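Novice: Let me begin by handing over the structure; questions about it come next.
The values are calculated or read from the model by the stated rules, or taken from the named source; none is laboratory data. From a predicted model like this one, the values you see are computed outputs, not experimental measurements. Here the Cβ positions follow ideal geometry from the backbone for every residue, glycine too, while neighbour counts run over all protein chains shown.
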Amino acid sequence: MEHPIQIATYYNYQAKDGALVRKDGDTEIRVAAISGRLVYIGIRKAILPKVELEFLDIRLLGSDNVYYCLSLNVEYSPASNIFNVVPCINPNTPLMIKAFKDKEYTALCVFQEGKALKYAYTKDDPKGKPDWISTRKGWDRTDEITFFINSLEPLAAKITEINKATQEPSAKSAISDLPIDELFNDVPPGW
């Protein structure tokens, strides 16, 4: 079976100021949500001049045959919003990721079949998710982030099976082959 997408179009988004934002030249294009079939979810390391960062990369194939890529620094709350619903995601059902302003932060909510997915890890039932550790320098989330990264594996494996069955091109290579400046137009100041 030949895949219907001959030339892939990629839109790379960041969560910013209560919206999903991508650059088109010098213009910022803001959308409230992206939607499609989840074809990739994983972690990518990016080495910048002063630091090595990890990003949660998500790739959706929209009904318009456009790939919508979302890259989130694992240390920031929008990535935590996604990590917290990963066990609830059905990879056979299209999803929508919607951005909104939560106090002064950008938050993300994942919807499937018209309903917001509930957090799998709660204060009352953390399901093994480690707590943050208070240190002299602030909060240490290292154990929590490691837990979240490890929690991606079952979903990623299911997506790989679905991609093989539908002959979806390698979703991982399409993201990781893009230069970092195409994925991240705005590196946080001081990094």
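Novice: Can you pull out the residues in the stretch 42-88 that are in a strand (DSSP E or B), closer than 21 Å to Thr142 by Cβ and within 11 Å of the chain's Cα centre (by Cα)?
Specialist: Step one: filter the stretch 42-88 for residues in a strand (DSSP E or B), giving 42-47, 52-61, 67-73.
From what is left, the residues that are closer than 21 Å to Thr142 by Cβ are 42-47, 52-57, 71-73.
Within the stretch 42-88, Gly42, Ile43, Arg44, Phe55, Leu56, Asp57, Ser71, Leu72, Asn73 meet the criteria.
Novice: If you don't mind, another one. Checking Arg30 against (1) under 26 Å from Thr160 (Cα atoms); (2) surrounded by fewer than 19 Cβ atoms within 10 Å (Cβ to Cβ); (3) at pLDDT below 95, which single condition isn't satisfied?
Specialist: Checking Arg30 against (1) under 26 Å from Thr160 (Cα atoms); (2) surrounded by fewer than 19 Cβ atoms within 10 Å (Cβ to Cβ); (3) at pLDDT below 95, the one that fails is (1).
Novice: Residues of the stretch 107-118 being more than 28 Å from Lys164 (Cα to Cα) and surrounded by 17 or more Cβ atoms within 10 Å (Cβ to Cβ), which ones?
Specialist: Leu108
Novice: When the stretch 28-41 is examined, which residues are found to be farther than 20 Å from Ser151 by Cα and either of a type in the set (Val, Ile, Thr) or not in a strand (DSSP E or B) (or both)?
Specialist: Step one: list which residues in the stretch 28-41 are farther than 20 Å from Ser151 by Cα, which gives 28-36.
Those that are farther than 20 Å from Ser151 by Cα and either of a type in the set (Val, Ile, Thr) or not in a strand (DSSP E or B) (or both): Ile29, Val31, Ala32, Ile34.
Novice: Restricting the stretch 89-106 to residues that are crowded, with 16+ Cβ neighbours inside 10 Å and out of contact with any Gly (no Cβ under 8 Å at 6 or more places or on another chain), which is farthest from Lys158 (Cα to Cα)?
Specialist: Once the filter is applied, the top-ranked residue is Lys98.
Novice: Checking Lys101 against (1) in a loop (DSSP other than H, G, I, E, B); (2) over 15 Å from the mean Cα position of the chain (by Cα), which single condition isn't satisfied?
Specialist: Of everything listed in (1) in a loop (DSSP other than H, G, I, E, B); (2) over 15 Å from the mean Cα position of the chain (by Cα), Lys101 misses just condition (1).
Novice: Filter the stretch 78-132 down to the residues that are over 15 Å from Asp17 (Cα atoms) and among the aromatic types (Phe, Trp, Tyr) and list them by number.
Specialist: The answer is Phe83, Phe111, Tyr119, Tyr121, Trp132.
Novice: Just to check your reading of the model, which residue among Gly62, Gly138 is farther than 21 Å from Tyr13 by Cα and small (Gly, Ala, Ser)?
Specialist: Gly138 is the lone residue from the list that is farther than 21 Å from Tyr13 by Cα and small (Gly, Ala, Ser).
Novice: I'd like the residue in the stretch 33-72 that is of a type in the set (D, E, K, R), under 22 Å from Pro87 (Cβ atoms) and touching a residue at least 60 places away in the same chain (Cβ under 8 Å) and, out of all such residues, is surrounded by the most Cβ atoms within 10 Å (Cβ to Cβ).
Specialist: Filtering the stretch 33-72 for residues that are of a type in the set (D, E, K, R), under 22 Å from Pro87 (Cβ atoms) and touching a residue at least 60 places away in the same chain (Cβ under 8 Å), the one surrounded by the most Cβ atoms within 10 Å (Cβ to Cβ) comes out as Arg59.
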